[in-house]
Amino acid sequence: MDLGLSGRRAAVAAASGGLGFESARALAAEGVLVAICGRDRARIDDAAARVGNGCVAFVQDVSDAAGGAAFVAAATEALGGLDIVVANAGGPAAGTFDSTPVDAYDAALDLSLMSVVGMAKAAIPAMRAGRWGRFVAITSVSVRQPIPNLILSNTARAGVTGFLKTVAREVAVDGVTVNSAQPGMHATDRLSNLYGGDLSALAAGIPAGRVGDPADFGAVVAFLCSAQAGFVTGLQLHVDGGSYAGLL
């Protein structure tokens, strides 16, 4: 299926590995010119080579609004503009209500909420002026069903979901869509670090019987950026193998 994206320009944040990398690779496979960022030069250069299609790599920490905006600005200059932004960042530290100090929340909100706000503020005005744009944030299924021992992520990502839904309704008339893709358990380094590398117990608790393939998730993100998804906005799409048990 041709997603109608050839020649479009995209910035994908935190894409040296995992879901960000696979989103960048899926877009590049559709002929999109992609800029990516990460915190380690060697890793992000290697990722860019594997993404292909002339992918441009930046060393940029997107753990707050200023970092997110700086990445968008660099990608805009390198590519001559942006049609697509995939907002992404590493997740906050694990912890419970009892174990998480109050002062940990500021950094978590910067990382998982304000970084997205910074990218949106930097990218969406130009998309509106051009009457076409796709803004997709990679968040978490914890927005729908909080994940135990991840209170910081559960809290911050719920906030960004409210932000995105509000923005989606404001900019839809200008041809810009704003959506979030909410991963459940996927085979990423972060998941291995959180659960000690053995994902078999997690897989047993997922109705699909396995953890997700990051490449499949990337394809979902690419579809949300597609020409065909132009009437899809304000969506929170959970990609979780059936784990979320709610009706709505």
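Within 10 Å of each residue's Cβ, count the other Cβ atoms and sort 244, 195 from fewest upward.
Numbers: 244 18, 195 15.
So the residues, fewest neighbours to most, are 195, 244.
Once both labels are positioned 7 Å from their Cα atoms along Cα-to-Cβ, the gap between residue 97 and residue 228 label points is 4.4 nm. What longest region of the chain stays clear of trypsin sites (Lys or Arg not before Pro) that DSSP places outside H, G, I, E and B and that have at most 16 other Cβ atoms within 10 Å? No qualifying site falls inside 40-130, the longest such stretch. Between amide H atoms placed 1.01 Å from N, distances below 5 Å from residue 35 occur with 10, 11, 12, 56, all of them 5 or more places distant or on a separate chain. Distance between the 7 Å Cα→Cβ label points at residue 216 and residue 128: 3.8 nm.
Note that segment 129-144 has calculated 3J(HN,Hα) couplings of 5, x, 6, 7, x, 9, 10, 10, 9, 8, 10, 6, 5, 4, 4, 8 Hz, one per residue in order, obtained from phi through the Karplus relation 6.51 cos²θ - 1.76 cosθ + 1.60 (θ = phi - 60°); glycine and proline are x.
Just so you know, the averaged projected area of the alpha carbon convex hull for segment 82-169 sits at 5.7 nm².
Compared with the dominant Cα axis of the chain, that is its longest principal axis, helix 65-79 is turned about 40°. Scanning residues 5 or more positions from residue 95 or on other chains, those with amide H under 5 Å from its amide H are 150, 151, 152, with H placed 1.01 Å from N in the peptide plane. Shape summary of segment 110-233, radius of gyration then Dmax from alpha carbon positions: 15.9, 49 Å. Beta bridges from DSSP with both residues in the chain: antiparallel share about 0 percent, rounded to the nearest 5.
Where a number appears in this text, it was derived from the coordinates with a stated rule and is not lab data. Predicted model only: the values in this text are computed from it and were never measured. Backbone-built Cβ (ideal geometry, glycine too); neighbour counts: all protein chains shown.
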